[in-house]
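Q: Just dropping this structure here.
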Amino acid sequence: QVQVVESGGGLVQPGGSLRLSCAASRIIFRLSVMGWYRQGPGKERELVAIITSSGSTTYGDSVKGRFIISRDNAKNAIDLQMNSLKPEDTAVYYCSAQLKSSTYWGQGTQVTVSS
């Protein structure tokens, strides 16, 4: 059974940092493009960052220079280090694993940036 599981969300003040983690089933992790997407209140789901199996990264424009995605192949996991957080970063963050024509999603983790 394929699993994608996020952890690490929570409440943080503006300007603060938070780290999200995502673990995926080994059967898909090694060959998948792994990534983070988010959906804020009243907004559509948008790209945050993705990382390929070889380590190439792509970031959404709104998080460039603030967020860093990394991949640990030994742990079948990715992390998202979020720095200089803003209230507009408030959203449910979803981890995804894309393998060929299939995309597997985690259940989402809430990140709230507020004073």
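The values are calculated or read from the model by the stated rules, or taken from the named source; none is laboratory data. Predicted model only: the values in this text are computed from it and were never measured. In this analysis, Cβ positions are derived from the backbone assuming ideal geometry, glycine residues included, and neighbour counts consider all displayed protein chains. Side chains included, ligands, DNA and RNA excluded: accessible areas come from the protein's heavy atoms. Shrake-Rupley method; radii C 1.70, N 1.55, O 1.52, S 1.80 Å.
Q: Would you be able to say whether some residue in the stretch 36-46 is of a type in the set (G, A, S), open to solvent by 30 Å² or more (accessible area, probe 1.4 Å), under 27 Å from Q1 (Cβ atoms) and at pLDDT below 95?
A: No, the stretch 36-46 contains no residue that is of a type in the set (G, A, S), open to solvent by 30 Å² or more (accessible area, probe 1.4 Å), under 27 Å from Q1 (Cβ atoms) and at pLDDT below 95.
Q: Consider only pairs whose beta carbons are under 6 Å apart and that are at least six residues apart or on different chains; among these, list those whose first residue lies in the stretch 4-28 and is free of Cβ contacts under 8 Å to residues at least 60 places away in the same chain and whose second residue is of a type in the set (S, T, Y) and open to solvent by 20 Å² or more (accessible area, probe 1.4 Å).
A: Cβ pairs passing all conditions: S21/S7.
Q: Moving to a separate point now. Please verify whether the stretch 47-67 includes one or more residues that are under 19 Å from T109 (Cβ atoms) and exposed (fewer than 13 other Cβ atoms within 10 Å of the Cβ).
A: no
Q: Let me ask something additional. Can you tell me how many residues within the stretch 80-91 are in contact (Cβ under 8 Å) with a residue 60 or more places away in the chain, surrounded by 18 or more Cβ atoms within 10 Å (Cβ to Cβ) and either among the polar types (S, T, N, Q) or assigned to a strand (DSSP E or B) (or both)?
A: Residues flagged as in contact (Cβ under 8 Å) with a residue 60 or more places away in the chain, surrounded by 18 or more Cβ atoms within 10 Å (Cβ to Cβ) and either among the polar types (S, T, N, Q) or assigned to a strand (DSSP E or B) (or both) within the stretch 80-91 amount to 2.
Q: Given the structure, is R26 closer than 18 Å to T109 by Cβ and not aliphatic (A, V, I, L, M)?
A: no
Q: Here is a follow-up. Take the conditions in contact (Cβ under 8 Å) with a residue 40 or more places away in the chain, surrounded by fewer than 18 Cβ atoms within 10 Å (Cβ to Cβ) and within 19 Å of W105 (Cβ to Cβ) and apply them to S32. Does it pass?
A: no
Q: So I27 passes all but one of these: (1) in a helix (DSSP H, G or I); (2) open to solvent by less than 40 Å² (accessible area, probe 1.4 Å). Which condition number does it fail?
A: Of everything listed in (1) in a helix (DSSP H, G or I); (2) open to solvent by less than 40 Å² (accessible area, probe 1.4 Å), I27 misses just condition (2).
Q: Still on this model: Just to be sure before I move on: is I68 out of contact with any Ser or Thr (no Cβ under 6 Å at 6 or more places or on another chain), farther than 23 Å from V2 by Cα, touching a residue at least 12 places away in the same chain (Cβ under 8 Å) and part of a strand (DSSP E or B) in the structure I sent?
A: yes
Q: Kindly indicate which of V4, V12, V48, V63 is of a type outside the set (G, A, S) and touching a helix residue (DSSP H, G or I) at 6+ places or on another chain (Cβ under 8 Å).
A: The match here is V63.
Q: Then there is this: With respect to I50, is the statement that it is modelled with pLDDT of 95 or more, over 23 Å from S115 (Cα atoms) and out of contact with any Leu (no Cβ under 7 Å at 6 or more places or on another chain) true?
A: Against the criterion (modelled with pLDDT of 95 or more, over 23 Å from S115 (Cα atoms) and out of contact with any Leu (no Cβ under 7 Å at 6 or more places or on another chain)), I50 qualifies.
Q: A follow-up question, please. So which residues in the stretch 69-82 are on the phi < 0 side of the Ramachandran plot and touching a Phe, Trp or Tyr at 6+ places or on another chain (Cβ under 7 Å)?
A: I69, L80, Q81, M82 - these are the residues of the stretch 69-82 that are on the phi < 0 side of the Ramachandran plot and touching a Phe, Trp or Tyr at 6+ places or on another chain (Cβ under 7 Å).
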